[in-house]
Each structure stands twice: as C-alpha cells, then as structure tokens.
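Engineer: Sharing a structure here in structure tokens format.
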Amino acid sequence: TGASSGIGRCTAEALTAKGAKVALIARNTDALQQLSARLSGSLPLTADVTDFAAFTAAIHAAHSHYGRLDGLINNAGRGYGASVEEIDPAAFTEIVTLNALAPIVGMQAVIPIMRTAGGGSIVNVNSGTSFMTIPDYSVYSASKRALLGITQTARAELAPDGIVVSEVYPGMTATDFGRNRLGSGGASTDYSKGDPPEMVADLIVAAIEGGDAQYFVNEYLRKLAGAC
C-alpha cells in the first residue's frame with residue numbers, strides 16, 4: 001500500500017528487481033499507471049485503504065490476477081501535528097484509521113489466502129516515534145504504538161499457519177511525509193535531509209527474506225526499542 005510515492009514506490013521497485021510481481025495499491029491512479037509501466041508484471045490498483053470495502057476488493061483483485069498472494073506490505077500512513085489541547089477528534093479518527101485500523105483490514109483480507117497456501121509474509125511499516133515522546137505528535141505516535149501491539153500479537157497468532165508478520169522501523173525519511181501531514185502543530189522539519197526511501201525499501205525486502213520480528217533503520221532506534 002502507499003505504492004505511488006516514497007517508501008512504497010521504492011519498495012515496489014526493489015521487489016520487482018528481485019523478481020517479484022507487485023500489486024500496487026494507492027489513491028493516485030496516474031502515478032500508479034506510470035509506475036506500473038516501468039515495473040514488469042506489476043498490477044496497479046487504485047484504492048483508498050481507509051475505504052475498507054475498496055481496499056479488500058483490491059487485495060482480492062490482486063489474488064484473482066496472480067492466482068496467489070505471497071506477501072502484504074502495509075506502508076500507507078500519514079502524520080498529524082497538534083498539541084493534546086488542540087487535537088481534532090475527526091483528524092484523530094482519520095489518522096488512527098489509516099495508520100492502525102487499515103493494516104488490520106489488509107491482514108484480515110490476506111490471512112485466509114495465505115493460510116490456504118501454507119504461509120506468507122506480512123510486513124507492517126511502523127515508525128521510530130513509537131518509542132518516543134514528541135510534543136504535538138501524540139496522535140501519530142499513538143497510532144504507531146497501536147500498530148506495534150497489533151503486529152506483535154498477529155505474529156504470535158499466525159506463526160502456526162506459516163504466516164510471518166514483521167515490522168520495519170524507519171527514522172526520518174526523505175519523502176513527502178512532512179508536506180502531507182495533517183495539522184499545523186510541531187516544529188518544521190526538513191525531511192529532505194532524512195534517510196533515502198531506498199534504504200527503508202531494502203529493509204522491507206530484508207524483512208520479507210529474513211522474517212525476524214523487527215527491523216530498524218539504525219542502531220539508535222534499535223536501542224530506543226530495547227531490541228538486541
């Protein structure tokens with residue numbers, strides 16, 4: 001998901017280079033069509049992942065097209081900057097729906113398919129803010145902390161079915177994340193100085209291939225998480 005730009009686009013490119021056939025899900029039809037034209041065997045599927053019926057239909061369309069689904073990468077997400085005093089309930093709902101609930105819906109759609117096939121890989125793209133307390137970013141970090149708990153629980157529940165659930169933790173990444181966030185709170189950040197999205201894409205590929213529980217873009221995030 002979120003395949004039209006940034007981490008999602010780079011991940012689609014990296015997986016295609018590895019020989020995968022990639023279903024591309026995002027809202028921007030033109031961007032998906034342009035990307036698909038460059039990626040052999042790819043399938044562009046326009047859907048807003050917060051429209052759960054459309055998201056589920058896109059996943060089933062990919063399964064119908066390819067005859068199998070080996071992996072799901074829940075990458076679509078958005079930030080929100082506001083103090084606790086100024087949190088807009090509608091924005092809160094939108095962010096948590098996108099960052100935490102939509103990945104659940106995606107997993108629910110692929111789990112029966114993967115179980116029947118004897119296994120698969122699910123990678124949820126989280127955030128280093130899950131382990132931080134940052135003024136004005138409580139909603140975003142809360143949504144990602146929820147995703148952390150969901151992912152770890154799903155990993156335990158699905159292991160007997162051969163379905164491996166992993167998390168990837170980027171830091172600040174040079175994407176449009178800053179420009180696309182909701183709300184006006186929080187310090188202005190120059191995301192162009194962040195890690196290249198290709199670095200995160202390589203980490204996602206490593207998660208698919210390796211199947212460990214968590215993958216961190218740097219040692220600082222690893223230490224914050226208490227991982228070893």
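Engineer: Out of the residues in the stretch 184-219 that are surrounded by 12 or more Cβ atoms within 10 Å (Cβ to Cβ), over 20 Å from Leu15 (Cα atoms) and of a type outside the set (Gly, Ala, Ser), state the one that is modelled with the highest pLDDT.
Structural biologist: Here the answer is Asn218.
Engineer: Looking only at the stretch 98-134, count every residue that is in contact with a Phe, Trp or Tyr (Cβ under 9 Å, 6 or more places away or on another chain) and of a type in the set (Val, Ile, Thr) and tell me the total.
Structural biologist: Looking only at that region, the number is 5.
Engineer: Is it the case that the stretch 65-88 has a residue that's within 30 Å of Ser138 (Cβ to Cβ), open to solvent by less than 20 Å² (accessible area, probe 1.4 Å), assigned to a helix (DSSP H, G or I) and polar (S, T, N, Q)? If you could, list the steps in order and put the result at the bottom.
Structural biologist: Taking the stretch 65-88 and keeping what is within 30 Å of Ser138 (Cβ to Cβ), we get 72-88.
Imposing the further condition that a residue be open to solvent by less than 20 Å² (accessible area, probe 1.4 Å) reduces the set to 72, 74, 79-82.
Filter again for assigned to a helix (DSSP H, G or I), leaving none.
No: the stretch 65-88 contains no residue that is within 30 Å of Ser138 (Cβ to Cβ), open to solvent by less than 20 Å² (accessible area, probe 1.4 Å), assigned to a helix (DSSP H, G or I) and polar (S, T, N, Q).
Engineer: Moving on to the next point. Could you check the stretch 18-43 and list, in sequence order, the residues that are of a type outside the set (Ser, Thr, Tyr) and closer than 16 Å to Gly71 by Cα?
Structural biologist: Within the stretch 18-43, the subset of a type outside the set (Ser, Thr, Tyr) is 18-28, 30-35, 37-39, 41, 43.
Hits for the stretch 18-43 are Lys18, Gly19, Ala20, Lys21, Val22, Ala23, Leu24, Ile25, Gly41, Leu43.
Engineer: Any residue that is in contact (Cβ under 8 Å) with a residue 24 or more places away in the chain, more than 24 Å from Ala91 (Cβ to Cβ), in a helix (DSSP H, G or I) and out of contact with any strand residue (DSSP E or B) (no Cβ under 8 Å at 6 or more places or on another chain) - is there at least one of those in the stretch 161-172?
Structural biologist: Within the stretch 161-172 (the criterion being in contact (Cβ under 8 Å) with a residue 24 or more places away in the chain, more than 24 Å from Ala91 (Cβ to Cβ), in a helix (DSSP H, G or I) and out of contact with any strand residue (DSSP E or B) (no Cβ under 8 Å at 6 or more places or on another chain)), the answer is yes, since at least one residue qualifies.
Engineer: Shifting gears a bit: Would you pick out the residues in the stretch 103-124 that are under 16 Å from Ala142 (Cβ atoms), crowded, with 23+ Cβ neighbours inside 10 Å and out of contact with any Pro (no Cβ under 6 Å at 6 or more places or on another chain)?
Structural biologist: Pro103
Engineer: Are any residues in the stretch 52-71 in contact (Cβ under 8 Å) with a residue 24 or more places away in the chain and polar (S, T, N, Q), and if so, which ones?
Structural biologist: The one that is in contact (Cβ under 8 Å) with a residue 24 or more places away in the chain and polar (S, T, N, Q): Thr56.
Engineer: Continuing with the same structure: Tell me whether the stretch 7-15 contains one or more residues that are surrounded by fewer than 21 Cβ atoms within 10 Å (Cβ to Cβ), of a type in the set (Lys, Arg) and in contact with a helix residue (DSSP H, G or I) (Cβ under 7 Å, 6 or more places away or on another chain).
Structural biologist: So far as the stretch 7-15 goes, no, none of its residues is surrounded by fewer than 21 Cβ atoms within 10 Å (Cβ to Cβ), of a type in the set (Lys, Arg) and in contact with a helix residue (DSSP H, G or I) (Cβ under 7 Å, 6 or more places away or on another chain).
Engineer: Okay, next question. Can you pull out every residue in the stretch 136-168 that is over 18 Å from Leu98 (Cα atoms), open to solvent by 30 Å² or more (accessible area, probe 1.4 Å) and of a type outside the set (D, E, K, R)?
Structural biologist: The answer is Gln152, Thr153, Ala156, Ala159, Pro160, Gly162, Val164.
Engineer: Continuing with this model, one more query. For Ala100, state whether it is in a loop (DSSP other than H, G, I, E, B), touching a helix residue (DSSP H, G or I) at 6+ places or on another chain (Cβ under 7 Å) and within 19 Å of Tyr140 (Cβ to Cβ).
Structural biologist: no
Engineer: Checking the condition farther than 25 Å from Glu94 by Cα, in contact (Cβ under 8 Å) with a residue 24 or more places away in the chain and in a helix (DSSP H, G or I), which residue from Ala142, Ala207 passes?
Structural biologist: On the way: Ala142 fails: farther than 25 Å from Glu94 by Cα.
So the residue among Ala142, Ala207 that is farther than 25 Å from Glu94 by Cα, in contact (Cβ under 8 Å) with a residue 24 or more places away in the chain and in a helix (DSSP H, G or I) is Ala207.
Engineer: Could you look through the stretch 149-183, keep only residues that are closer than 28 Å to Asp136 by Cα and of a type in the set (D, E, K, R), and pick out the one that is modelled with the highest pLDDT?
Structural biologist: Selected residue: Glu167.
Engineer: Within the stretch 25-52, how many residues are crowded, with 21+ Cβ neighbours inside 10 Å, assigned to a helix (DSSP H, G or I) and either polar (S, T, N, Q) or in contact with a Ser or Thr (Cβ under 6 Å, 6 or more places away or on another chain) (or both)?
Structural biologist: 1
The values are calculated or read from the model by the stated rules, or taken from the named source; none is laboratory data. The shown structure was predicted, so the numbers you read here are calculated from the model rather than taken from an experiment. So basically every Cβ, Gly included, is an ideal-geometry build from the backbone, and we count neighbours across all protein chains shown. All accessible areas refer to the heavy atoms of the entire protein, side chains included, with ligands and DNA or RNA removed. Shrake-Rupley method; radii C 1.70, N 1.55, O 1.52, S 1.80 Å.
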